[in-house]
Amino acid sequence: MKSDVIKVSSKDDRTDLVLDQADRMAFTQKLSHKGALHLRLLAEEMMCLMRAITGDVDGQFWIENKGQEYELHLHCNTFMDEYKRRQLLSASTSGKNEATRGFMGKLRAFFEPAEGLPILYDTSSDGSYGDMVWSMRSYQERLHQYIGQNKTDAEEAWDELEKSVVSHLAKDVKVSIRGSEVEMTVYRNLE
């Protein structure tokens, strides 16, 4: 089942509409109280991310489920020129944090790449130029490796990740960049 698509914006708070939609989905799918609460918390965190984006970014939010597997989607168009794309790609090998702190800050950087670059993330390509995918689970695995290697900032990055509501509730978070389109999908099994 796919919910209605809600238009969201960094300049106009539509959190109430998104939370109402999460509640309707939980009711329609007969989720337990705990499952409904988790769905609502994840939707709220995604809207916090949207409100934290600087500049004017418009997007869409929706929820999909197949049985007990739920996906929360936030899709936006962002200006991504060649210089910004090169910066983003180089971050995966440099491991430097140029401006972004905290787990949600790293996610926000995908939506406003000029503001900073995610530290210590993995990219993969589907063969198309400029297409990238970042995964929270891969990020966690990489951080474990970096902690074992005593890499600078790895323990701090792990502590920040541990403080995130999303990292505790989500099965995975994936961010994909395709040209100027950025989509964040949060995955969670709910009953």
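Coordinate-derived values only; no laboratory data. From a predicted model like this one, the values you see are computed outputs, not experimental measurements. Note that we place each Cβ from the backbone using ideal geometry, even for glycine, and neighbour counts take in every protein chain shown.
The table below lists the values:
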{"read-out": "Residues in segment 1-15 that a label on Asp23 would reach, taking backbone N under 16 Å of a point 7 Å out along Cα→Cβ", "value": "14-15"}
{"read-out": "Estimated dipole of segment 151-191 in Debye, rounded to 20 [Cβ of Lys and Arg +1, of Asp and Glu -1, Cα centre]", "value": "260"}
{"read-out": "Cα centre as origin, Lys/Arg/Asp/Glu Cβ charges: segment 6-77 dipole, Debye", "value": "220"}
{"read-out": "In Hz, Karplus ³J(HN,Hα) per residue of segment 18-23 (6.51, -1.76, 1.60; θ = phi - 60°; x = Gly, Pro)", "value": "5, 5, 4, 5, 4, 5"}
{"read-out": "For segment 153-169, 3J(HN,Hα) per residue [Karplus equation, 6.51 cos²θ - 1.76 cosθ + 1.60, θ = phi - 60°, Hz, x = Gly/Pro]", "value": "6, 5, 5, 5, 4, 5, 4, 5, 5, 5, 7, 7, 4, 4, 5, 7, 8"}
{"read-out": "Listed pairs Lys151/Lys174; Lys30/Lys171; Lys34/Lys151; Lys11/Lys66 exceeding 30 Å between Cα atoms", "value": "Lys34/Lys151; Lys11/Lys66"}
{"read-out": "Net charge of neighbours whose Cβ lies under 13 Å from the Cβ of His33, counting Lys and Arg as +1 and Asp and Glu as -1", "value": "+1"}
{"read-out": "R0 of 25 Å, Cβ-Cβ distance Arg51-Gln140: FRET efficiency to nearest 0.05", "value": "0.50"}
{"read-out": "Segment 6-77, relative contact order [Cα under 8 Å, separation at least 6], %", "value": "39"}
{"read-out": "Sites His33 and Ile147, calculated FRET efficiency, Cβ-Cβ separation with R0 30 Å, nearest 0.05", "value": "0.25"}
